[in-house]
Amino acid sequence: VDRTGRPAWPAARAAAVRLAARPATYAGILCTIDLDTDPRDVYHSLLDLGPPGVDFLLPHGNWQRPPHRLARETPGRHRPRPTPYGDWLATAFDAWWDMPQDASRRHTRIRLFQEIAALLLGAPSGAEAVGLSPMAAVVVETDGAIEQVDSLKSAYDGAPETGLDVFRDSFDRALRHPGIAARQLGERALAEECRGCPVRRVCGGGNYAHRYAPGTGFLHPSVYCADLERLIRHVAHRLSRTTGGVG
């Protein structure tokens, strides 16, 4: 809903339709997962808007403030545990993977799924959500402050701040900031339990913001650890049936 409490979908849909008429300006759609929706319905409704790409996003959460469904169903980190977000994404993946590639309904890119498939096949990652490639982005705020990615704001107040700005500091100096440098270390930056996980090179520990716990920082698995493993193994299974095996 918008700030007056009215549904925001009609305006968002109208804007997407206008963008679809000008494909050179249409980058795609970001969609945060809502477990109360049917993933196939969501995928097909987004496809109707003609986007060149879609990305499904896990709601921001961490070990202090886990997503409400995980907090309600699975307090703590014990395994095995339910994987409601992984199940949702696995169903959405099947809807995407099984979509016929014909002229009338283009096989729209879904970044998360393509990244996982590429990683399983040995390619480097190009997205923050999965993989071990070094983080290659900073944020420049409107006042000139150089910050880490703004998803870290979901961890705690001031988490993205570096104390640097474009008027006094270079981006090379920003790369040496401890918070940014920690994200250039690949597997060495993962929590101990992640380093022993068989899907670590694909998962990459998950989104950095989702690893936070008070007092101990970000050296933890993602709060979505089990969900990510569920999705990755599902994608690997579908790939293996298509390619004859995934190394």
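The values are calculated or read from the model by the stated rules, or taken from the named source; none is laboratory data. Everything quoted here is computed from the prediction, not taken from an experiment. We place every Cβ from the backbone using ideal geometry, glycine too, and count neighbours over all the protein chains shown. SASA here: full protein model, heavy atoms, side chains in, ligands and nucleic acids out. Shrake-Rupley method; radii C 1.70, N 1.55, O 1.52, S 1.80 Å.
Solvent-accessible area per residue for the chain at a 1.4 Å probe radius, Å²?
55 Å²
What is the diffusion coefficient of the range 112-224 in µm²/s, taking the Kirkwood radius over Cα pairs and the Stokes-Einstein relation at 37 °C with a viscosity of 0.692 mPa s?
On the way: Rh = 14.8 Å.
It comes out at roughly 222 µm²/s.
Based only on Cα atoms, what Rg/Rh ratio does the range 139-181 have, Rh being taken as Kirkwood's radius?
0.94
Run a plain Debye calculation on the chain (Cα atoms as equal point scatterers, no solvent) and give log10 I(q)/I(0) at q = 0.07, 0.18 Å⁻¹, rounded to two decimals, same order as the q list.
With no solvent term, the Cα-only Debye profile gives -0.26, -1.50.
Pop out the ³J(HN,Hα) list for the range 172-182 in order, Karplus 6.51 cos²θ - 1.76 cosθ + 1.60 with θ = phi - 60°, rounded to Hz; leave Gly and Pro as x.
Karplus-based 3J(HN,Hα) across the range 172-182 equals 4, 5, 4, 5, 8, 4, x, x, 7, 4, 4 Hz.
Given H placed on each backbone N at 1.01 Å, which residues far from T162 in sequence or on other chains put an amide H within less than 5 Å of it?
Q148
How big is the range 117-159 in terms of Cα radius of gyration and Dmax, in angstroms?
13.7, 42
When only the heavy atoms of the protein chains count and the probe is 1.4 Å, how do W96, W63 rank by accessible area, highest first? Can you show the working numbers first?
Working: W96 15, W63 55 Å².
Largest accessible area first, the residues go W63, W96.
On the accessible surface of the range 139-181, probed at 1.4 Å, how many percent belong to carbon and sulfur atoms?
51 percent
Can you give the Rg/Rh ratio of the range 10-55, where Rg is from the C-alpha atoms and Rh is the Kirkwood radius?
On the way: Rg = 10.8 Å, Rh = 11.1 Å.
So for the range 10-55, dividing Rg by the Kirkwood Rh gives 0.98.
Check L57: other-chain or 5+ apart residues with amide H under 5 Å from its amide H, H built from backbone geometry?
C31, T32, I33
Of the peptides 82-93, 147-158, 8-19, how do they stack up when ordered by the mean number of other Cβ atoms within 10 Å, highest first?
82-93, 147-158, 8-19
Quote the FRET efficiency, to the nearest 0.05, computed for S45 versus R65 with a Förster distance R0 of 25 Å and r equal to the Cβ-Cβ distance.
Taking R0 as 25 Å, the efficiency between S45 and R65 is 0.30.
Normalised by the residues of the chain, what does the relative contact order come to in percent, with Cα pairs under 8 Å and at least six apart? Intermediate values should be presented prior to the final figure.
Numbers: 335 pairs, mean separation 49.6, N = 247.
Result for the chain is 20 percent.
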